[in-house]
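FYI, it's all coordinate maths here, none of it is from the lab. What you see is a predicted model, and the numbers here were worked out from it, not measured in a lab. Positions of Cβ are backbone-derived with ideal geometry, glycine not excepted, and every protein chain shown enters the neighbour counts.
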Amino acid sequence: MTIDLTALGWDADRAAHPHRRTDHRPGRVARVDRGVCTVLGADGPVRATLGGPVLAAAAHDLTRLPCAGDWVLLGTWPDGRITVETVLPRRTALIRRTAGKDASGQVLAANLDAAAVVEPVHPEPDVGRIERLLSLAHESGARPLVVLTKADLAADPAAVARQLAAVAPGVPVLPVSAERGTGLEPLRAEVAPGRTLALLGPSGAGKSSLVNALAGTVVMPTQAIRRVDGKGRHTTTWRALVPVPGGGAVLDTPGVRAVGLLDGSAGLDRAFADIAELATGCRYGDCGHDGEPGCAVREALESGELPPRRWESWRRLQREVAYETRRRETRLAAERRGGWRGARRRANRPARPPSPGGL
Ligand SMILES: Nc1nc2c(ncn2[C@@H]2O[C@H](COP(=O)(O)OP(=O)(O)OP(=O)(O)O)[C@@H](O)[C@H]2O)c(=O)[nH]1
Ligand SMILES: [Mg+2]
Ligand SMILES: [Zn+2]
């Protein structure tokens, strides 16, 4: 079995990666299972464990571990073992905040060209969730989309899409039905050869059904949502890159329960471009929109142009991002201090002058 790596997005820039050794072969990570990667190489899929350089990089930063969608360079050992020796720099990545102390985040998908926020049109789309996931999608660097699934269950899915356009400024909102195979055309363009589309959304939204519809065959298992509470069953339990026959790839992800934003505010500003645009009309450049005179945002709230729900949503996410930014700065400062102290303790001998910039 041979795999066309170009269709999966391999190109001259990736091939020119400077650390590439001649005996290392490129491949794209389809899946990671407890440190074992399934990598799509030119000769077919192989299983690879993590090599020394990758483990060393990950010791400082867990986001350096390979993830579905990563391009990697593989080494083959005399005993036949295959290891991931290099994770090529990611062009884009969907990264969510992790719950623990680690403030570096968790990579949900790597090297995606488009990031689709997947939300079912039935029973009712969760607007706040769309806003949050869209911030993440914008932050990834990929082209964001909103995919409204299960269009066959809504009386007028196009009307719902039009309503949602207000919470997704500048972002296409596409109603689709995997069941009927309708609305898939614009998504086919996102999985054209060389391109990767990642799907992000709650359990039961129909992500895997969409993958199967795009791939034209059942590659991902799907499961009916629970009758009792209408929630998904978390059928997909790992991230998987699925090649689309005759095209690029689609990246399926497990349903997300909650997604915390990291400390990037660019994605948030883009997801709320309407509010950012309004704010340019405030009298003061640093307006806090908190009762200052000449505040265009307050005016829009009073006139009803800006719905209070959207305003509250923006404030909440802003606070969250500001908190994460402080948390990261504190952590970095502590690491610097710890680094100094640790270095002195390790040495326990007359200190060499510290290098400029410390650590
Ligand atoms: N009516 C209808 N049902 C759909 C459609 N797409 C998916 N479903 C149903 O929704 C349920 C959940 O679909 P999945 O594709 O498993 O959802 P998922 O987003 O992959 O869920 P997780 O893997 O748990 O994250 C299944 O019963 C599907 O048959 C659709 O277009 N129309
Ligand atoms: Mg699934
Ligand atoms: Zn203002």
Gyration tensor (alpha-carbon) shape descriptor, segment 12-87, a/c threshold 1.5 = rounded
Ascending count of other beta-carbon atoms within 10 Å, so fewest first, for Lys231, Lys207 | Lys231, Lys207
Rounded to whole Å, sorted largest first: equivalent-ellipsoid semi-axes of segment 71-179, Cα gyration tensor | 36, 17, 13
Per its Cα gyration tensor (rounded if a/c is under 1.5, else prolate when a/b beats b/c, else oblate), segment 34-123 is best filed as oblate
How large is Rg over Rh for the chain, taking Rg from the Cα atoms and Rh as the Kirkwood inverse mean of 1/r across Cα pairs?
-> 1.02
When Ile3, Ile130 are ranked with the fewest other C-beta atoms within 10 Å first, the list becomes Ile3, Ile130
Provide the convex hull volume over Cα atoms per residue for segment 1-151, in Å³.
-> 146 Å³
So for the chain: antiparallel DSSP bridges make up what percent, rounded to the nearest 5?
-> 60 percent
What value, in deg cm²/dmol to 500, does the helix sum -39500 (n - 2.57) over DSSP H runs of n ≥ 4 give at 222 nm once divided by the residues of the chain?
-> -9500 deg cm²/dmol
With an 8 Å cut-off on Cα pairs and a minimum separation of 6 or more residues, tell me the relative contact order of segment 135-248 in percent.
-> 21 percent
In nanometres, the difference between 0.36 nm per residue of separation and the alpha-carbon distance of His234 and Glu179 is 17.9 nm
Percent breakdown of C-alpha pair distances by 10 Å bin, ordered from the shortest bin, for segment 93-252 | 11, 42, 38, 9, 0
When the Karplus curve 6.51 cos²θ - 1.76 cosθ + 1.60 is applied with θ = phi - 60°, which whole-Hz ³J(HN,Hα) does each residue of segment 192-202 get, with x for Gly and Pro?
-> 5, x, x, 10, 10, 10, 9, 10, 9, x, x
